[in-house]
Amino acid sequence: MIARRVSVLGSTGSVGSSTLDLMEQAQGAGSAAFEVEALTGGANIARLAEQARRWRPRIAVTADPARLNELRDALAGTGVEAAAGPDAIVEAAVRPADWIMASIVGAAGLRSAWAAAGTGATLALANKESLVCCGPALIERVRRSGGRLIPVDSEHSAIFQVFPAEAPERVSKLVLTASGGPFRTLPRAAMTRITPEQAVAHPNWSMGAKISVDSATMANKGLELIEAAYLFDIPGERVDVVVHPESIIHSLVEYVDGSTLAQMGAPDMRTPIACALSWPDRLAWPAPRLDLAALGRLTFEAPDETRFPALRLAREALAAGGSAPIVFNAANEVAALAFLDRRLGFLNIAAVVADTLEKATGAGVSCGSDDACDAALAVDAEARRIAGDVIASLNIAA
Ligand SMILES: NC(=O)C1=CN([C@@H]2O[C@H](COP(=O)(O)OP(=O)(O)OC[C@H]3O[C@@H](n4cnc5c(N)ncnc54)[C@H](OP(=O)(O)O)[C@@H]3O)[C@@H](O)[C@H]2O)C=CC1
Ligand SMILES: CC(=O)[C@@H](O)[C@H](O)COP(=O)(O)O
Ligand SMILES: [Mn+2]
């Protein structure tokens, strides 16, 4: 029986909701008991209130200070404390919990993930952007606090499960699988007409809008390449990407003797979340199971970095080091959101990232030596400003 006091940062999103759903199912199966300390959300007050009514956390927090009264009203009579604003989310992240899910999307999740990393709790990290921005420092912070970082991103969860942490020298390379997204076979010429609705329609996974666009451009795999290099302390040249359209093998570890170990499962985030919730134990819940005979075959192909240049840009940013991964992440986030707002064409997402990386390097944007989180946020802010200018100049030219 697994017993945990849990906080979920970003509980109203795709990963956050899957986390609470999994907890519900595991409790229903009699294999776990949970208390909830804190739930945090953004604009979706109705979902946050519904979750708080079900789980009765000590506190529920919305990121938007202007929505505090609305949240208070929605929680009336529950005994759940309401709070609002980015600082309140950081405060929620350091409340007593032994398992904290960091599932806020984008760099907005960095401060709370950083705060949670210092508490000594197990940090279940879905927010890949915080690893890309602060990887080695974030990992070290968890280690020093006596906590444990468990990756939730499906590929990194897969690697984590088959990686020999006690003997990393046995590993020759990591292989990240990529679905290839909804435009895997679309010719580049047709990509100019891609709409946000088409881009968020991922073939295998049900996810939030930003990561769905990242999958469509393969910037997601670029972020994951950086994430893997930091998490498993391995150079980018020893992290391969292979396109596997079925998303059944979630990633692989190749050993020096030629053996390759893989983790497989249905494309459902509750499986990697279950792993993070119970590791090194295993959580029994009514999980979706694989039927390999029904699947029939699994297929693989090389990624096409001409049609999906974001992958190459991420690899270059990782090799450049310093602040380049933070710039990559910030520019990608600004561009993906501009695409979702119909202010930018699909193909221009990677173009904005490339241009921002070049301009930020020219402007000498680099991390300071202060607190890694504050230093990363300063780089992030400057890179966002540059990316915004790049988008504005593209729109003037159009
Ligand atoms: N979805 C997936 O299957 C996977 C996701 N990930 C990673 O997990 C993270 C979450 O992804 P996903 O669940 O898809 O994202 P969603 O967009 O579905 O959810 C994001 C969450 O963050 C909250 N949020 C948004 N903006 C802010 C802000 N400024 N401050 C505080 N909270 C905010 C949202 O609140 P609200 O909705 O109330 O506005 C919501 O709770 C991302 O980093 C993603 O890359 C990794 C692997 C798989
Ligand atoms: C579920 C998950 O971890 C996502 O990051 C998923 O992997 C996206 O799929 P692709 O980026 O491979 O299309
Ligand atoms: Mn992933």
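The values are calculated or read from the model by the stated rules, or taken from the named source; none is laboratory data. The shown structure was predicted, so the numbers you read here are calculated from the model rather than taken from an experiment. Positions of Cβ are generated from backbone atoms using ideal geometry, with glycine treated the same way; all protein chains shown enter the neighbour counts.
Output yes when any residue across segment 243-264 is surrounded by 14 or more Cβ atoms within 10 Å (Cβ to Cβ) and assigned to a helix (DSSP H, G or I), and no when none is.
No, segment 243-264 contains no residue that is surrounded by 14 or more Cβ atoms within 10 Å (Cβ to Cβ) and assigned to a helix (DSSP H, G or I).
Taking segment 314-337, which residues are surrounded by fewer than 22 Cβ atoms within 10 Å (Cβ to Cβ) and either assigned to a helix (DSSP H, G or I) or among the β-branched types (Val, Ile, Thr) (or both)?
Filtering segment 314-337 down to residues surrounded by fewer than 22 Cβ atoms within 10 Å (Cβ to Cβ) leaves 315-316, 319-322, 337.
Those that are surrounded by fewer than 22 Cβ atoms within 10 Å (Cβ to Cβ) and either assigned to a helix (DSSP H, G or I) or among the β-branched types (Val, Ile, Thr) (or both): Arg315, Glu316, Ala319, Ala320, Leu337.
All but one of (1) under 21 Å from the mean Cα position of the chain (by Cα); (2) more than 13 Å from ligand 1 (Cβ to nearest atom) hold for Ser157; state the number of the condition that does not hold.
(2)
Taking Leu344 and the conditions (1) under 24 Å from Thr177 (Cα atoms); (2) not in a helix (DSSP H, G or I), which numbered condition does it fall short on, given that it satisfies the others?
(1)
Kindly check whether there is at least one residue in segment 149-160 that is at negative phi, away from ligand 2 (no atom under 16 Å from the Cβ), of a type in the set (Phe, Trp, Tyr) and touching a strand residue (DSSP E or B) at 6+ places or on another chain (Cβ under 7 Å). Quick ask: steps written out before the conclusion?
First pass over segment 149-160, keeping only residues at negative phi: 149-160.
With away from ligand 2 (no atom under 16 Å from the Cβ) added as a condition, the list becomes 149.
Subset that is of a type in the set (Phe, Trp, Tyr): none.
No; the residues of segment 149-160 include none that is at negative phi, away from ligand 2 (no atom under 16 Å from the Cβ), of a type in the set (Phe, Trp, Tyr) and touching a strand residue (DSSP E or B) at 6+ places or on another chain (Cβ under 7 Å).
Has segment 61-75 got any residue that is over 18 Å from Gly147 (Cα atoms), among the hydrophobic types (A, V, I, L, M, F, W, C), assigned to a strand (DSSP E or B) and not assigned by TED's automatic domain parsing to the domain that holds Asn332?
First pass over segment 61-75, keeping only residues over 18 Å from Gly147 (Cα atoms): 61-75.
In the following step, the residues that additionally are among the hydrophobic types (A, V, I, L, M, F, W, C) were identified as 61, 63, 66, 68, 71, 74-75.
In the following step, the residues that additionally are assigned to a strand (DSSP E or B) were identified as 61.
Of the ones still in play, those that are also not assigned by TED's automatic domain parsing to the domain that holds Asn332 are 61.
Within segment 61-75, one or more residues are over 18 Å from Gly147 (Cα atoms), among the hydrophobic types (A, V, I, L, M, F, W, C), assigned to a strand (DSSP E or B) and not assigned by TED's automatic domain parsing to the domain that holds Asn332.
Taking Thr78 as meeting all but one of (1) of a type in the set (Val, Ile, Thr); (2) closer than 30 Å to Arg144 by Cα; (3) assigned to a loop (DSSP other than H, G, I, E, B), write down the number of the exception.
Evaluating Thr78 over (1) of a type in the set (Val, Ile, Thr); (2) closer than 30 Å to Arg144 by Cα; (3) assigned to a loop (DSSP other than H, G, I, E, B) leaves (2) as the failure.
Do we find a residue being among the hydroxyl-bearing types (Ser, Thr, Tyr) and modelled with pLDDT under 95 anywhere in segment 358-366?
Residues of segment 358-366 among the hydroxyl-bearing types (Ser, Thr, Tyr): 361, 366.
Checking which are modelled with pLDDT under 95 leaves us with 361, 366.
Yes, some residue in segment 358-366 is among the hydroxyl-bearing types (Ser, Thr, Tyr) and modelled with pLDDT under 95.
Just checking, which of Arg193, Arg184 is surrounded by fewer than 21 Cβ atoms within 10 Å (Cβ to Cβ), modelled with pLDDT of 95 or more, in contact with a helix residue (DSSP H, G or I) (Cβ under 9 Å, 6 or more places away or on another chain) and of a type in the set (Lys, Arg)? I'd like the intermediate steps shown before the answer.
Values: Arg184 fails: in contact with a helix residue (DSSP H, G or I) (Cβ under 9 Å, 6 or more places away or on another chain).
Going through Arg193, Arg184 in turn, just one is surrounded by fewer than 21 Cβ atoms within 10 Å (Cβ to Cβ), modelled with pLDDT of 95 or more, in contact with a helix residue (DSSP H, G or I) (Cβ under 9 Å, 6 or more places away or on another chain) and of a type in the set (Lys, Arg): Arg193.
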